Amino acid sequence: MQRCLLALACAGAAGAYALGNDAGAFALGSDDEKKPIPLYTNEDLERVAPYRDQTGVNSTPAAAPAVEPPAVRSRARSEVRGEEYWRREAERVRDRLRPLRERVAELRLRIEERRRQPPRRRENVTPDAQIAALERRLQRLEDRIRETESRFEDRARRERALPGWLR
C-alpha cells in the first residue's frame, strides 16, 4: 500500500513538471530569474583605454635575472652550433657505426649459411647452438648501434638541431 502511494506521488510530481505548472517551476527555478549576459562594445573599450597601463601591460621588471635560464643558454649554444656542425657530427656518427653495420651484415650472412647447411654428426657443438650464439652477437651489435644513434639524436634534440641537419 505504501509503495502504491509513493508511486502515485512520484507520478504526480513528474506530471506537474511536464505540464510546467508552478510546482515544477518552483522546484527548478523559473526562467524569469536568469541573469543578463553582459555585452561589451567598442565604446566600453574606449572608455577603459586610458587605464591600460594600470594592468601592467607596459611594465618592465625591476631587475634583470642574474643568471640566464637554461632555455636561453641552450638556444645560444645551438646558434653557435649551426647546420654545418650538426651535419659534421652526423657524418662522424655514421663513420663510427659503419664498421659495426658491416659486422652485422657479415653475421647475418653467416647465420643464413649455417641454416642452409645440412647438420653434421661429428661436431661437438650442435648447429642450433652455433646459430644461437651468432644471433646473440648480432643482437648485441644491433643494440649498440641503436643506443649510439639514440644518444646522438637526443643530444641534437636537446640542443635544438633541426632534423634535416642530421640526415
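The values are calculated or read from the model by the stated rules, or taken from the named source; none is laboratory data. Everything quoted here is computed from the prediction, not taken from an experiment. Heads up, the Cβs are rebuilt from the backbone with ideal geometry, glycines too, and the neighbour counts pull from every protein chain shown.
Table for the structure above
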quantity: Neighbours by Cβ (under 9 Å, 6+ apart or cross-chain): first from segment 88-106, within 22 Å of L162 (Cβ to Cβ); second of a type in the set (G, A, S) and part of a helix (DSSP H, G or I); calculated: E89/A156; A90/A156
quantity: Candidates R75, R116, filtered to the one that is of a type outside the set (D, E), surrounded by 10 or more Cβ atoms within 10 Å (Cβ to Cβ) and either out of contact with any strand residue (DSSP E or B) (no Cβ under 7 Å at 6 or more places or on another chain) or at pLDDT 85 or above (or both); calculated: R75
